[in-house]
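**Q** Below are the structure tokens for one structure; questions will follow.
The values are calculated or read from the model by the stated rules, or taken from the named source; none is laboratory data. None of the values given here were measured: they were computed from a predicted structure. Cβ sites come from the backbone with ideal geometry, for glycine too, and all protein chains shown count toward neighbours. For accessibility, only protein heavy atoms count, side chains too; no ligands or nucleic acids. Shrake-Rupley method; radii C 1.70, N 1.55, O 1.52, S 1.80 Å.
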Amino acid sequence: MDYWVKMLMCLMAAYTCWSGCVEVDPETEAVYGHEFKIRCISCKKRGETVAKTFTEWFFKGDGMETFDLILLRQHPKTNILDSRFEGRLKWNGSSHSEDLQDMSVVISNVSYDHAGTYMCRVNRTLIFESHEYNTNVTKFIDVTVVDKGNRDIASIVSEIMMYVLIVVLTIWLVVEMIYCYRKIAAAGEEAVLENASDYLAITTESKDNCLVVQPQE
């Protein structure tokens, strides 16, 4: 039983290191008529802190002076508040918890009217045992719309680095699991040897007691 408990603890520790939050710069070039994801990620400084988050998305088109509220996400509901994005804008971030860290959205069938500046406002309440603390994070994304997508060198290098990082983390995870397995197996062998030694000691002591008792009879 102890063997499986230790193995489970090792796997949980490895999984915790694997599932961290990473803030990635958003793409800014949308292709006309295609789907486009506007990425907005805001990680907590301490992942173990419980939090409640709601998100507001604003849009300011080219030539406009003010931002208009286009989407409000407050788990589990998403409200589209601008007719220009009805049927085209959808939530693509965290969806199973109030503790949001990925606030991304997706625009389907992009048109030239979708070019402009998007503002992602993250309203987070950190919940501690004795008090609550409110924080706000605002991110701006300038989006352009082109007829045909062109991948720049930076995006290619970023994608390559991402795959390299995935491979490195996978290898590290396998090594960590092998290390835990060997350590637990060694501990199990020591426990078996110790139990065997105790059994032999008890058996020898019992035989000695029998030899002592027989002459007395």
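**Q** Pull out the extension gain between E86 and E23, defined as 0.36 nm times the separation in residues minus the alpha carbon to alpha carbon distance; nm, one decimal.
**A** Here the answer is 19.9 nm.
**Q** Apply the Karplus curve 6.51 cos²θ - 1.76 cosθ + 1.60, θ = phi - 60°, to the phi angles in segment 156-165 and return the couplings in whole Hz, x for Gly and Pro.
**A** Taking θ as phi minus 60°, the curve returns 5, 4, 4, 5, 4, 5, 5, 5, 4, 5 Hz for segment 156-165.
**Q** Can you pull the accessible area of D147 for me, 1.4 Å probe, Å² to the nearest 10?
**A** Counting only protein heavy atoms, D147 exposes about 120 Å² to solvent.
**Q** Can you give the net charge of the other residues whose Cβ lies under 9 Å from the Cβ of F58, counting K and R as +1 and D and E as -1?
**A** It works out to a net charge of 0.
**Q** Sum up the charges of everything whose Cβ sits under 10 Å from the Cβ of R84, counting Lys and Arg as +1 and Asp and Glu as -1, but leave R84 out.
**A** -3
**Q** How large is the accessible surface of R39 in square angstrom, using a 1.4 angstrom probe and rounding to the nearest 10?
**A** For R39, solvent-accessible area is about 70 Å².
**Q** Follow-up. Output wanted: per-residue J couplings in Hz (rounded whole) for segment 37-51, from phi through Karplus 6.51 cos²θ - 1.76 cosθ + 1.60, θ = phi - 60°, x for Gly and Pro.
**A** Karplus values, whole Hz, x for Gly and Pro: 9, 9, 8, 9, 10, 10, 8, 6, 5, 10, x, 7, 6, 6, 8.
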